[in-house]
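A quick write-up on the structure given underneath.
The values are calculated or read from the model by the stated rules, or taken from the named source; none is laboratory data. This structure is a prediction, so every number in the text was calculated from the model and none was measured. Cβ: placed from backbone, ideal geometry, glycine included. Neighbour counts: every protein chain shown. Remember, those area values only see protein heavy atoms, side chains included, never the ligands or the DNA or RNA. Shrake-Rupley method; radii C 1.70, N 1.55, O 1.52, S 1.80 Å.
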Amino acid sequence: MERFDVLIVGSGHAGAQCAIALRQAGFTGTLAMVGEEAELPYERPPLSKDYLAGEKSFERILIRPAAFWAERAITMVPGRRIVAVDPAAKTVRDAEGREIGYGNLVWAAGGSPRRLSCSGHDLVGVHAVRTRRDVDQLLAELSAAQHVVVIGGGYIGLEAAAALTKQGKHVVVLEAMDRVLARVAGASLSSFYEAEHRAHGVELRMGALVDCLDGQDGRVCGVRLANGETLPADLVIVGIGIVPEVAPLLEAGADGGNGVRVDAQCRTSLPDVFAIGDCALHVNRYADGAEIRLESVQNANDQANVVAKLLTGHDAHYDAVPWFWSNQYDLKLQTVGLSIGHDATVIRGDPAARSFSVLYLRGGRVIALDCVNATRDYVQGRRLVTEGIVADPAQLADPAVVLKEL
Ligand SMILES: Cc1cc2nc3c(=O)[nH]c(=O)nc-3n(C[C@H](O)[C@H](O)[C@H](O)COP(=O)(O)OP(=O)(O)OC[C@H]3O[C@@H](n4cnc5c(N)ncnc54)[C@H](O)[C@@H]3O)c2cc1C
């Protein structure tokens with residue numbers, strides 16, 4: 001059995017960044033990354049953006065060129081799914097029963113797309129957008145498809161709708177709530193994006209509940225709604241969130257539930273086991289001290305950097321301000337902070353001019369910004385969030401007032 005000083009499970013953003021940061025910090029021990037996917041680490045955000053639109057090749061979304069990992073003595077173990085962790089023996093076991101030992105374990109297994117549970121969910125032509133494999137399968141079927149139904153009006157569903165509409169497909173987005181982006185943004189941003197998608201020819205249905213998927217010869221051909229209506233569908237994209245991949249850790253006794261619970265140093269309750277990225281349930285001061293999982297590249301990278309520092313003998317705590325982006329059509333959304341729990345919003349700039357920001361306040365303090373084609377607000381408004389500045393809404397709304405001066 002092989003044993004590594006540091007073993008990383010999961011070769012996505014968090015796992016890759018942890019390995020990179022460890023070597024950058026001078027870590028000289030043995031280091032391996034075991035991942036279920038066949039590929040070397042790649043960027044996931046383009047999967048619903050330029051990669052889906054056919055505008056970027058796979059090579060261009062690799063996090064590092066292939067030679068990088070070998071040059072830094074990072075042992076890559078692709079195509080292996082870890083199914084068990086033994087914290088006493090300090091080993092993990094893969095689906096074929098092979099064991100690998102560790103000194104420190106970094107769990108960076110992200111999440112799996114939540115699947116529909118209704119009949120027809122497993123028909124050919126029903127796709128998630130989480131991995132390169134998902135998107136390659138979808139792209140292989142795209143030329144024969146005209147009617148695409150996207151289930152879920154979150155960022156991934158909307159980005160996919162934009163990419164496929166641009167390619168001439170007829171796209172319907174089904175959202176169960178009364179507005180898109182309901183989980184992550186305020187109502188004004190939702191209505192802006194709804195209008196944009198409609199203007200580009202996307203059909204949006206709010207409050208739409210899926211009853212089942214209809215098939216013909218094993219292939220999806222329609223989506224039946226709870227109101228009895230059936231929408232024609234050559235392809236269905238399901239973007240309804242993820243389920244964190246933490247079962248082996250929880251079965252080994254780690255605290256958690258919706259994710260594995262970590263402290264401010266990304267330590268789980270198991271000795272010498274860290275967890276980072278989408279799967280890490282942590283107390284986040286930007287969520288008003290609530291315990292959350294953040295599904296973003298920022299969080300994956302920043303938590304990875306914390307663990308790399310700790311494992312090279314430095315002190316570190318996770319306290320980074322959340323940020324995120326989304327590209328749809330020619331709209332570049334950049335967000336900073338978390339708008340959860342806001343009690344007021346201020347619009348800065350003119351949505352009709354397609355360049356504006358929404359500022360979210362709680363108790364008078366700026367807690368988050370969503371900036372659409374407004375990079376200056378994003379850059380200059382960051383400190384309002386990190387420092388929890390109390391500002392006059394009238395000044396925040398006035399584009400003539402420079403945000404960094406507040
Ligand atoms: C389509 C799409 C678009 C996105 N767009 C944005 C964006 O614009 N901006 C942004 O900030 N974020 C975006 N995100 C989110 C971002 O990609 C994730 O937050 C980030 O990838 C999380 O990194 P991670 O390493 O925690 O998980 P992942 O990147 O998911 O990596 C986890 C890896 O672990 C592997 N794995 C899982 N279980 C096991 C196991 N048991 N054994 C071995 N390996 C395992 C998985 O196969 C996977 O390769 C997007 C995500 C998707 C899917």
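Between the alpha-carbon centres of segment 50-83 and segment 388-406 there is a gap of 42 Å. Exposure check, 1.4 Å probe, all protein chains in place: residue 392 carries approximately 80 Å² of accessible surface. If you take the beta carbon distance between residue 75 and residue 24 as r and set R0 to 22 Å, what does 1/(1 + (r/R0)^6) give as a FRET efficiency, to the nearest 0.05? Once rounded, the FRET efficiency stands at 0.80. What separates the Cα centres of segment 225-299 and segment 312-366 is a distance of 21 Å.
With the charge dipole of segment 229-382 set up from +1 on Lys and Arg Cβ and -1 on Asp and Glu Cβ about the Cα centre, the Cα lying farthest toward the positive end among the listed residues 380, 249, 283 is that of 380. Each of 126, 162, 112 was placed along the dipole of segment 94-176 (beta-carbon charges, centred on the mean Cα), and the one lying farthest toward the positive end is 162. When the chain is treated as a GNM with alpha-carbon contacts under 10 Å, the residue of 198, 382, 293 showing the greatest mean-square fluctuation is 198.
For segment 181-254, what relative contact order do you get, as a whole percent, if you take Cα pairs closer than 8 Å and at least 6 residues apart?
Numbers: 54 pairs, mean separation 10.9, N = 74.
It comes to 15 percent, rounded to a whole number.
In order along segment 114-125, phi translates into HN-Hα couplings of 5, 9, 6, 10, 6, 5, x, 5, 9, 5, 5, x Hz, rounded to whole numbers, per the Karplus curve 6.51 cos²θ - 1.76 cosθ + 1.60 with θ = phi - 60° and x for Gly and Pro. In this structure, the amide hydrogen of residue 243, modeled 1.01 Å from its nitrogen in the peptide plane, lies closer than 5 angstrom to those of 112, 114, counting only residues at least 5 positions away or on a different chain. For segment 252-340, averaging the sequence separation of C-alpha pairs within contact (under 8 Å, six or more residues apart) and dividing by the residue count gives a relative contact order of 22 percent.
Too long at a 24 Å Cα-Cα cut-off: which of 56/309; 166/332; 309/332; 49/404; 90/309; 49/309? Flagged as over cut-off: 56/309; 309/332; 49/404; 49/309.
GNM on the chain, alpha-carbon springs under 10 angstrom: the most fluctuating residue among 200, 282, 121 is 200. Remark: the chain carries 42 Å² of accessible area per residue (probe radius 1.4 Å; ligands, DNA and RNA excluded).
Projection of the Cα convex hull of the chain, averaged over all directions and equal to a quarter of that hull's surface, yields 20.7 nm². For residue 281, the residues whose modelled amide H falls within less than 5 Å of its own, excluding neighbours fewer than 5 places apart on the same chain, are 260, 261, 262.
Stokes-Einstein D for segment 337-406 at 20 °C, 1.002 mPa s, Kirkwood Rh over Cα pairs, in µm²/s? Let's see the in-between values first.
Working: Rh = 11.6 Å.
Value of D from the Cα-based Kirkwood radius: 184 µm²/s.
Basic side chains Lys and Arg get +1 at the Cβ, acidic Asp and Glu get -1 at the Cβ, and with that the dipole of the chain about its Cα centre reaches some 520 debye.
Taking the 1.4 Å solvent-accessible surface of segment 192-276 as the whole, the part contributed by carbon and sulfur is 47%. Roughly what % of DSSP beta bridges within the chain run antiparallel, to the nearest 5? Restricted to the chain, the bridges split so that about 60 percent are antiparallel.
Using the Karplus relation 6.51 cos²θ - 1.76 cosθ + 1.60 with θ = phi - 60°, the per-residue 3J(HN,Hα) values for segment 74-91 come to 9, 6, 9, 10, x, x, 10, 9, 7, 10, 8, 10, 10, x, 7, 7, 6, 9 Hz, with x marking Gly and Pro.
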